[in-house]
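K.L.:
One structure, pasted below without further comment.
The values are calculated or read from the model by the stated rules, or taken from the named source; none is laboratory data. Source: prediction; values computed, not measured. Cβ: placed from backbone, ideal geometry, glycine included. Neighbour counts: every protein chain shown.
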Amino acid sequence: MLDTEQKPLVSVRDLKMHFPIHAGLLRRRVGEVKAVDGISFDVIEGETLGLVGESGCGKSTCGRAVLRLYDITSGEIMIDGDEIGATSQAQLRTKRPTMQMVFQDPQASLNPRMTVEAIIKEPLDEHTKLSEAEKREKVGELMDAVGLNRQFAKRYPQAFSGGQRQRIGIARALALNPKFIVCDEPIAALDVSIQAQVVNLLEDLQEQFGLTYLFISHDLSMVRHIATRVAVMYLGKIVELAPREALYAEPLHPYTKALLSAVPEPDPSLAKTSERVVLQGDVPSPANPPKGCNFCTRCPSVMDICKTTEPTYFEVQPGRFTACHLYENNNDTAE
Amino acid sequence: MPDGALPVLDVQNLKTVFQTRSGEVHAVNDVSFSLRPGELLGVVGESGSGKSVTMMSLLGLLPTPPADVRGGTVMFDDKDLLNVDSKTLRDVRGGKIGFVFQDPMTSLNPVYTVGMQIMEPLRKHMGMNKKQAAARAQELLELVGIPDAKRRLSDYPHQFSGGMRQRVMIAIALACDPQVLIADEPTTALDVTIQAQILELMKELRTKLGMAVIWITHDLGVIAGIADRVMVMYGGQVVEHATVEDLFTDPQHPYTRALLKTIPTIAGERAARLTVIEGQPPIMKDAPASCAFRDRCDVAFDRCAVENPPRYDLGAGHDAACFYDARTGAPRDA
């Protein structure tokens, strides 16, 4: 990434994750869902990269693919100096401690038959050679770090509220001192008053342990709060990536503009006066994306070229990337 | 309640209790509100605050047991809906009062065509024959902005996208020209760009049809853009009620103030750190004998622990259930 001296901890190049569609009596492969279709980005050490988009745009698949929870279709993934794009799952096990994940649904991602202590201890059992006493001490420290009372270590997840369960999930992700954590919609299932608690906790932990986050969310206002840079996805591709301030102040891609203007502002005077870009229609199916630019079916500033040629993803301004024909000429003149 | 036109719906002292294995849960405690013709009343609250249960209680939609509507009156059309026979209530539901639910994926029947589901209330409540109902159904689909309406009547719900399904739900709710439309988190399951479409549609339909709407949501941003008046619920009670402008510029209840501070925005100043409301929302095991918010409140004092604050009238249609007067910065007189 450009000329920054900060080094990227995670570097993704042309990542593709296609899921086959099987149909008919013989379950023949009739096509594929291009959930993630050639995306590239870096996550710089210590930053939070926000990944936003609507449901079905491939943001969660992207997060899972980066951690190699899938066997990816193609592409390169460099995490902390190791290329893991093509590494076998068995070999990946040794690398897992550096990269962890916090899941969306704290209800579903915690085993109801395990106590909190057992849940947080499991990664330690798998990946370390600590003694039982050391592990228990470590669990206690982790519970302190995420703001859970140590006395509740023997309780089961159902005894906790949604926000507390998410804290358990975070403690589990932290157990092996990871460098990189993918947070997949960690606050989507929580109430408004609880969301802020969890977001503040994530920020504190980032500072305390020097963590790097990929923060996946559909909540644009929360991403504005937590992210250093923001990537916007639409139908399997990144349409725009920019530093937070720039993206929210002056979005370039028409989809980013529409997305930002669709967010309801909690201010009645603003809400009644501001002009909204209301997109027509729905997101096309990723199994059958439109020809040319993926966004051409809904784009308010669509041109002829958009329906035939796919725009390239390039750096429009230093640190700002977009994939849109509107900016391609500017680029030519600039160079 | 402030004066104005006669309310179309007037709810007084509604109480609903659930019997559970671990005892009673007081889900709705003494909720009163009224809805004037043509206005949009927003109901805001977190999960478990009693906003949905309130609406379901007043239409008799809760299974009894475990639910038990213990008291109150719900005046609609000169009748108390809590004291009418089930046939009258059935006529009101889906007829004069329409309902839109949160999840468009599960509230449509997958084995019937969309056309049949829109025609059902038309034939039941309006006594239309098949042909009339089909014509009206087509009109309704056009009204909610579904292209190629005639052909789509014979499609099944799975052939529609989420946003389109929610439009179908709205069409069904509007079928019998309701006086009141109750929308329970109608855009929560939708993406922001689709939510924006539905919000625009709602605004348009309100001006066209002039019905009164109750819009339940947890999203203050949605409320700011669409509501005339807002009712904030916490622990099964109304803690604040005001016009939408007043609520956002001059919130009086500590919970409302905290809620407004805790949400980040996409414009304006970016806070370095989010303001947090510590603690959890309460589970109301007993009828409230003290303020339900006091454990999380930054201005609570001893009176809050021994008495449940009533809704103090603050003038101009604004009221708040709090012993602390935010305007003077001192406790209210006992």
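K.L.:
Which count do you get for residues in the stretch B:208-236 that are in contact with a Pro (Cβ under 8 Å, 6 or more places away or on another chain), more than 12 Å from chain A (Cβ to nearest Cβ) and aliphatic (A, V, I, L, M)?
P.N.:
Qualifying residue count for the region: 2.
K.L.:
Any chance the stretch B:262-280 includes a residue that's away from every other protein chain (no Cβ under 13 Å) and of a type in the set (S, T, N, Q)?
P.N.:
no
K.L.:
What about B:Lys285, is it basic (Lys, Arg), part of a loop (DSSP other than H, G, I, E, B) and closer than 19 Å to B:Ser47 by Cα?
P.N.:
Details: basic (Lys, Arg): yes; part of a loop (DSSP other than H, G, I, E, B): yes; closer than 19 Å to B:Ser47 by Cα: yes.
The answer is yes for B:Lys285.
K.L.:
What pairs come out if I take residues in the stretch B:239-252 that are within 11 Å of another protein chain (Cβ to nearest Cβ) and pair them with residues that are crowded, with 19+ Cβ neighbours inside 10 Å and part of a strand (DSSP E or B) whose C-beta lies under 6 Å away, six or more apart or interchain?
P.N.:
Pairs that qualify, where the first residue is within 11 Å of another protein chain (Cβ to nearest Cβ) and the partner is crowded, with 19+ Cβ neighbours inside 10 Å and part of a strand (DSSP E or B), are B:Thr243/B:Arg229; B:Val244/B:Val230; B:Leu247/B:Val230.
K.L.:
Which one of these is surrounded by 17 or more Cβ atoms within 10 Å (Cβ to Cβ), at pLDDT 90 or above and assigned to a helix (DSSP H, G or I): B:Gln195, B:Gln138?
P.N.:
Working: B:Gln195 fails: at pLDDT 90 or above.
Within the list B:Gln195, B:Gln138, the selection yields B:Gln138.
K.L.:
Looking only at the stretch B:84-122, count every residue that is surrounded by fewer than 20 Cβ atoms within 10 Å (Cβ to Cβ), touching a strand residue (DSSP E or B) at 6+ places or on another chain (Cβ under 8 Å) and in a helix (DSSP H, G or I) and tell me the total.
P.N.:
1
K.L.:
So, A:Leu260, is that one under 30 Å from B:Gly279 (Cβ atoms), within 10 Å of chain B (Cβ to nearest Cβ) and not polar (S, T, N, Q) or not?
P.N.:
On the way: under 30 Å from B:Gly279 (Cβ atoms): no; within 10 Å of chain B (Cβ to nearest Cβ): yes; not polar (S, T, N, Q): yes.
Considered against the rule, which asks whether it is under 30 Å from B:Gly279 (Cβ atoms), within 10 Å of chain B (Cβ to nearest Cβ) and not polar (S, T, N, Q), A:Leu260 comes out as no.
K.L.:
Quick one: B:Ala305 ticks every box in (1) assigned to a loop (DSSP other than H, G, I, E, B); (2) farther than 20 Å from B:Gly50 by Cα; (3) more than 14 Å from chain A (Cβ to nearest Cβ) bar one, so which box is it?
P.N.:
Among (1) assigned to a loop (DSSP other than H, G, I, E, B); (2) farther than 20 Å from B:Gly50 by Cα; (3) more than 14 Å from chain A (Cβ to nearest Cβ), the lone unmet condition for B:Ala305 is (1).
K.L.:
Tally the residues that are within 18 Å of the chain's Cα centre (by Cα), modelled with pLDDT under 90 and among the acidic types (Asp, Glu), restricting the search to the stretch B:24-74.
P.N.:
Final tally of qualifying residues: 1.
K.L.:
Among the strands (runs of 3 or more DSSP E) confined wholly to the stretch A:2-91, which include 3 or more residues that are among the acidic types (Asp, Glu) and away from every other protein chain (no Cβ under 14 Å)?
P.N.:
Once the strands (runs of 3 or more DSSP E) in the stretch A:2-91 are filtered for at least 3 residues that are among the acidic types (Asp, Glu) and away from every other protein chain (no Cβ under 14 Å), what remains is A:28-44.
K.L.:
Starting from the stretch B:34-54, keep only residues that are closer than 26 Å to B:Leu205 by Cα and more than 14 Å from chain A (Cβ to nearest Cβ), then list their pairs with residues that are of a type in the set (Val, Ile, Thr) and assigned to a loop (DSSP other than H, G, I, E, B) whose Cβ atoms are within a distance under 8 Å, requiring at least 6 positions of separation or different chains.
P.N.:
B:Leu35/B:Val8; B:Arg36/B:Val8; B:Pro37/B:Val8
K.L.:
Which members of the stretch A:47-59 meet the condition of being over 16 Å from A:Met222 (Cβ atoms) and in contact with a strand residue (DSSP E or B) (Cβ under 6 Å, 6 or more places away or on another chain)?
P.N.:
Correct list: A:Cys57, A:Gly58.
K.L.:
Residue under question is A:Lys179, and the condition is that it be within 16 Å of the chain's Cα centre (by Cα), of a type in the set (D, E, K, R) and more than 10 Å from chain B (Cβ to nearest Cβ); does it hold? Give the steps one after another, and end with the answer.
P.N.:
Details: within 16 Å of the chain's Cα centre (by Cα): yes; of a type in the set (D, E, K, R): yes; more than 10 Å from chain B (Cβ to nearest Cβ): yes.
So A:Lys179 passes the test.
K.L.:
Between B:Leu181, B:Leu205, B:Leu190, which is farther than 13 Å from B:Gly145 by Cα and more than 14 Å from chain A (Cβ to nearest Cβ)?
P.N.:
B:Leu181
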